[in-house]
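The values are calculated or read from the model by the stated rules, or taken from the named source; none is laboratory data. Because the structure is predicted, anything quoted here is derived from the model rather than measured. Virtual Cβ from ideal backbone geometry, glycine too; neighbours counted across all protein chains shown.
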Amino acid sequence: MHTNTGPTLAAAQAELVGEFAGVFSSQTVEQILEDSYARLLPASIEGFLPLLAERFARERLRAASRALPGREALRPLVLFVCTANSGRSQMAAALLALRSAGAVEVASAGTRPSDHVQDEVATVLAEVGVSTSELFPKPLTDEVVSGADVVVTMGCGDSCPVLPGRRYVDWDVADPACADLDVVRRVRDDIDAHISLLLDELLPDRGATAASAQL
């Protein structure tokens, strides 16, 4: 490890090496972790960067592991991409994780990520029971794009990635940046409606399962 990243990042590496033992070498884990740390700089949350780099690296490693021989993905992975990863894509990923109850793996990223999630976005997500303590903007990486089953783009235009074999969907959703809470709530609800339709496609049996559980 680079000496300027401190013992906390070294502890993160040890955690990830153990978690991905038998999947990736320690050298690969170290490379992804250090690259994740570097990609998150500069940031106003610098004191938390080792922890955020660990979470970012874990997301990348999980996505990359989906492409390895003999490792069948049990859950679909949906990647949400916008420009800053501070508003729409964060809301979409958080709402899909909530509504799918863990049946869908989610990720989000920005083509030009901001240094923090919008306060209003955190507020309206908390209103519907979403914990926002672990949300932070992340840059787009090849591992997550390649590992995604569905890539949902939201206002990033030509800067959004296009890879063969991925399913791409573009959602025409208003940008909540600099908007008041009522507007951001409407954006949240619009995204939530899209999420419901997407879940019907990804998990067609979920309605029947829920109905059976009520009998």
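Only residues that are part of a loop (DSSP other than H, G, I, E, B), surrounded by fewer than 20 Cβ atoms within 10 Å (Cβ to Cβ) and in contact with a helix residue (DSSP H, G or I) (Cβ under 9 Å, 6 or more places away or on another chain): list them for segment 67-96, please.
Ala67, Arg71, Ala73, Arg75, Pro76
Selection within segment 36-52: residues that are modelled with pLDDT under 95, not aromatic (Phe, Trp, Tyr) and not in a loop (DSSP other than H, G, I, E, B). The member of this set that is surrounded by the fewest Cβ atoms within 10 Å (Cβ to Cβ) is Gly47. Taking the criterion of being surrounded by 14 or more Cβ atoms within 10 Å (Cβ to Cβ), at pLDDT 85 or above, within 21 Å of the chain's Cα centre (by Cα) and within 21 Å of Asp115 (Cβ to Cβ), would at least one residue in segment 11-21 satisfy it? Yes, segment 11-21 has at least one match. Of everything in segment 22-35, what is part of a helix (DSSP H, G or I) and either modelled with pLDDT under 85 or exposed (fewer than 14 other Cβ atoms within 10 Å of the Cβ) (or both)? Give them in sequence order. The answer is Gln27, Gln31.
Candidates are the residues of segment 99-108 that are among the aliphatic types (A, V, I, L, M) and within 14 Å of Glu134 (Cα to Cα); the one that is surrounded by the most Cβ atoms within 10 Å (Cβ to Cβ) is Ala107. Evaluation of Leu74 against the conditions (1) farther than 24 Å from Tyr168 by Cβ; (2) without any contact (Cβ under 8 Å) to a residue 24 or more places away in the chain shows that the sole unmet condition is (1). Candidates Leu98, Leu140: the one that is among the aliphatic types (A, V, I, L, M) and without any contact (Cβ under 8 Å) to a residue 40 or more places away in the chain is Leu98.
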